[in-house]
1. Just a yes or no: is a residue in the stretch 41-53 in contact (Cβ under 8 Å) with a residue 60 or more places away in the chain and of a type outside the set (S, T, N, Q)?
2. Which of the residues spanning the stretch 95-118 are closer than 13 Å to Ser8 by Cβ, surrounded by 14 or more Cβ atoms within 10 Å (Cβ to Cβ) and out of contact with any Asp or Glu (no Cβ under 8 Å at 6 or more places or on another chain)?
3. Which residue is surrounded by the fewest Cβ atoms within 10 Å (Cβ to Cβ), if the candidates are limited to the stretch 42-73 and must be assigned to a helix (DSSP H, G or I) and in contact with a Lys or Arg (Cβ under 8 Å, 6 or more places away or on another chain)?
4. Taking the options Ala136, Ala127, name whichever one is buried (at least 17 other Cβ atoms within 10 Å of the Cβ) and small (Gly, Ala, Ser).
5. Among the numbered conditions (1) modelled with pLDDT of 95 or more; (2) out of contact with any Leu (no Cβ under 6 Å at 6 or more places or on another chain); (3) closer than 23 Å to Leu126 by Cα, tell me where Met1 comes up short.
Amino acid sequence: MSLWKRASVSDVKAGRVVGAHGDAPGNHVVVAMRVYPRFLPRVLVDEYTPSLSPEPGLFAQYRALKQASGKQNDAFDDVDYEHRFALDDDGLATLTRLAALPSKDITLVCQCAPTERCHVDLVLLLAAHHTGASLAPLPFDYARFRRRLGP
């Protein structure tokens, strides 16, 4: 069974995460951001799927709070990400498609560092809920989001 996990753009650029195109044929690397990150060569990832990113209004509010405070985790809480984040039908279809990839681990990539709360963790929880995906341990609990998902 495949394992779903999170990585940062820095991990990909440093070669700590390699997609199916490279030396790790069992890993599928997906950029899950609204805008493709600058200076990340596309040959380092397997696909870019903005459908797994937050809707533009939520992202804009979060980004403004982060810029004002300089504290990502606080901005994540202040914008109420765990309550407001959701994927639309395209995003859920993308999770289903990724889950059907044969014998592939799925690595979702965002700018966030491992010590920062990130929408990708919420996407991973959605993948587990909607597709039965097995997840690598998450750095945060996200209890409120888990309650939203139900059993």
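1. First pass over the stretch 41-53, keeping only residues in contact (Cβ under 8 Å) with a residue 60 or more places away in the chain: 45, 52-53.
Of the ones still in play, those that are also of a type outside the set (S, T, N, Q) are 45, 52.
Yes, that holds for at least one residue.
2. Thr107, Leu108, Cys110, Gln111, Cys112, Glu116, Cys118
3. Among those residues, the one meeting the criterion is Pro56.
4. None of the others qualify; the one that does is Ala127.
5. (1)
The values are calculated or read from the model by the stated rules, or taken from the named source; none is laboratory data. Predicted model, so just to flag it, every value in this text is computed and none were measured. Quick reminder, even Gly has a Cβ in these numbers, built from the backbone with ideal geometry, and neighbours come from all protein chains shown.
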